[in-house]
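Take a look at the structure set out below.
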Amino acid sequence: MNVDLYELVRGPLMSSTLILFLVGLAFRVFQFFKATTRLPRTAPPVNDRRTVKQRVNETIKTVPRILRKVRIHYRNSIFSTTPVTMWITVVYHVILVLAVCFTQGHNVLLDLSWGFSFPSLPEKTMDMLTLFMIAVSLYYLFRRAFSTKFKFPHIFRDYLAILATALPFVTGFIAYHQWFDYRTMIICHMLSGQLLLIALLYTKLGHTIFFFFGRIYLHGELNLTRGTRAWVPDQDLDRLPGPVSENAIDEHYIRHMLDQKKTQMKIMLQYCSRCSNCAKSCFLYVNTRDASYIPSQKVFVSLGKLYSTKGKVQRQDLENMVDSLWNKCVLCDRCYCPIGLKIPEMISLARTICRSQGVYKTYDA
Amino acid sequence: MVKAKKKPLSELKSVIEPYKKVLTIGCGGCVSICLAGGQKEVNVLNAELSLEVGKGVKIDGYTIERQCKPLYVDEIKEIVQQYDCLLSMACGAGVQLLAETYPQIPVFPAVNTIAIGIDRDVGIYEERCRACGDCIIGYTGGICPITRCAKGLFNGPCGGVNQGLCEVSETVACAWVEVYERLSSQNRLDCIDLIREPIAWQNQVQRTVIQDGY
Ligand code: SF4
Ligand code: SF4
Ligand code: SF4
């Protein structure tokens, strides 16, 4: 029986998962390109009359200045303010890819099934890296449980995400050392790995993939390249909100506004990994050190709530958002998210929705 | 809205030279949006200044919501007492309110306030308004001739227009030709015939702010 299950998981299930993953990935890429548009170049190319030699010479002269800029930039980046967490996180993500592609066991299977394989890392190295991954997962769990920066609603999902990523490593480690029953363990390992692949597309673990869109393709102050694309709404607003009544709110209109930017906002809400790295870019958080000032927190209690309830909210719910949306954010447009989510856009949509129902901050009180 | 650009580092360095404890104060309003004086710029400026002046000088930073509102400027009254000079990264209005609120401490601007403008792209801003105090763009098709016309003419165009270009340069479009075209496309050419009484304004060239980036 166990043999059959093993063959089933290794053979058909593995192939279908991989195919599902590739199809899903293609869909995500398609979705991203459909929800964004290519920006026209704003600055015309400058007519540069310098020769190549002159240009090279001038570039060499700017090297010290560039190095200095890099140094200052680094000193003000999250790699300098939270070095331990950031470096661990980068290494963690790199190992994740290494582990999938360059483990000997995976390559042997790949060779058997499809007749090709990647080079493999030595088993001893992989063993150490796996231990590192498990340790980092514990660190993440610990941080989420005890740091004040992680008081999100629905926190359970955040733990689940860390566990889901750690599970293939734990089972793989146990199977490699042949503790307990090897077959059961390797089946668990394969199943958890397949689960992770699928979760990579449909849960917030997708931030790993979105990073490339968010920081490279999207246009913005904080991008790694001169991004060329910007989000476009799914549909245009076609009417103005009706007159505001005392107690009731216009759910249809809220729904209309939510649908208008649905793809973009849902992608951003879903892929926020709730790492709270945006915290220190918000001067209001830095001044208060109060977790409710963390940009992503402000988004979750407002826009997150509107989307999760599909706009079926009470007037009181909107009024409860005023504090987060107006008192705790000045919409200065400067939140930094390492995976490229545009928090100010989310906050401003939530503000617009509140305002359409006559809920906003009054300055005359 | 208000667009500003950071002053050259050498100027700021010489300004703070006599002082040992410097507080750089950012503004979360307009200057944050135009990448000139928000929290990030405060951090970058402080890092640059500390490289220049070396150890022994205490340079700290703090960003408040808006420096043009007494409520927010008052917030830091306990903090500013610990410093012997303040560098304000807000626009000219913010700097002046800060200086007025804390008259015993020298306050220096860290940015040059340039214009009231629009965001053309990240880090690229164009002036659109001179705050002349008598807005006429309702009659000029939504184009401000004071900002856009090289001579800032209230009534135009002048005789210097040549095939849609201004006589001051071959690269400057005549704002009044644009006014004419927009009004004519809206069938409102009668507006261009209205004679506007002169007001007292400063004649300046149109400016575009381009941030250098980090
Ligand atoms: S918005 Fe970005 S930085 Fe903030 S918690 Fe979400 S993923 Fe992290
Ligand atoms: S836009 Fe709002 S959340 Fe973002 S940094 Fe500014 S004040 Fe903070
Ligand atoms: S102080 Fe100047 S830059 Fe700051 S919010 Fe006020 S007008 Fe804008």
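The values are calculated or read from the model by the stated rules, or taken from the named source; none is laboratory data. Please read these numbers as outputs of a predicted model, since none were measured by experiment. Ideal geometry is used to build each Cβ from the backbone, glycine not excepted, and the neighbour counts take in all protein chains shown. For accessibility, only protein heavy atoms count, side chains too; no ligands or nucleic acids. Shrake-Rupley method; radii C 1.70, N 1.55, O 1.52, S 1.80 Å.
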Answer in debye to the nearest 20: the dipole magnitude of the range B:133-205 about its Cα centre, from +1 Lys/Arg and -1 Asp/Glu charges placed on Cβ, is 100
Work out, step by step, the length gained on full extension between A:LEU112 and A:PHE33: first 0.36 nm times the residue separation, then minus their alpha carbon distance; give nm to one decimal. 24.8 nm
Out of the range A:30-133, which trypsin sites (Lys or Arg not before Pro) are coil in DSSP terms and have no more than 12 other C-beta atoms within 10 Å? A:ARG41, A:ARG49, A:ARG50
Charge dipole magnitude, Cβ of K and R +1, D and E -1 - chain B, Cα centre, debye nearest 20: 300
Among trypsin sites (Lys or Arg not before Pro) in the range A:225-279, those in a DSSP loop whose Cβ has at most 16 other Cβ atoms within 10 Å are A:ARG226, A:ARG239
Using Cα pairs closer than 8 Å and at least 6 residues apart in sequence, work out the relative contact order for chain A, in percent. 16
How many Å² of accessible surface get buried when B and A come together, counting both sides, probe radius 1.4 Å, rounded to the nearest 100? 2200
So if R0 is 35 Å, what FRET efficiency would A:TYR74 and A:GLN235 give, r being the distance between their Cβ atoms, rounded to the nearest 0.05? 0.25
Would you work out which of A:VAL322, A:THR352, A:TYR271 lies farthest towards the positive end of the dipole of the range A:234-356, given +1 charges on the beta-carbon of Lys and Arg and -1 on that of Asp and Glu, about the Cα centre? A:TYR271
Compute the accessible area of each residue in the range A:330-354 twice, once for its chain alone and once with every protein chain present, using a 1.4 Å probe on heavy atoms, and list those whose area falls by at least 20 Å². A:VAL330, A:CYS332, A:ARG334
Structure-based [θ]222 nm, the protein assembly as shown - -39500 (n - 2.57) summed over DSSP H runs of at least 4, per residue, nearest 500: -14500 deg cm²/dmol
If you only keep lysine pairs separated by 8 or more in sequence, or across chains, how many in the range B:1-144 come under 17 Å at the Cα atoms? 14
Size of the dipole of the protein assembly as shown about the Cα centre, Lys and Arg at +1 and Asp and Glu at -1 on the beta carbon, nothing else charged, in debye to 20? 980
Segment A:GLU221-A:GLU251, length gained on full extension (0.36 nm per residue, minus Cα span): 7.3 nm
Degrees, to the nearest 10: A:182-202 long Cα axis against longest axis of chain A: 20
Would you count, across the range A:125-276, every pair of lysines whose alpha carbons are under 25 angstrom apart, provided the pair is eight or more residues apart or spans two chains? 7
Running a GNM on chain A with Cα contacts under 10 Å, which residue among A:MET128, A:MET321, A:MET86 ends up with the highest mean-square fluctuation? A:MET128
Take chain B, connect every pair of alpha-carbon atoms lying under 10 Å apart with a spring to form a Gaussian network, then pick out the residue of B:SER88, B:SER32, B:SER184 with the largest mean-square fluctuation. B:SER184
Residue span A:PHE180 to A:VAL63: 0.36 nm per residue of separation minus Cα-Cα distance leaves a gain in nm of 36.3 nm
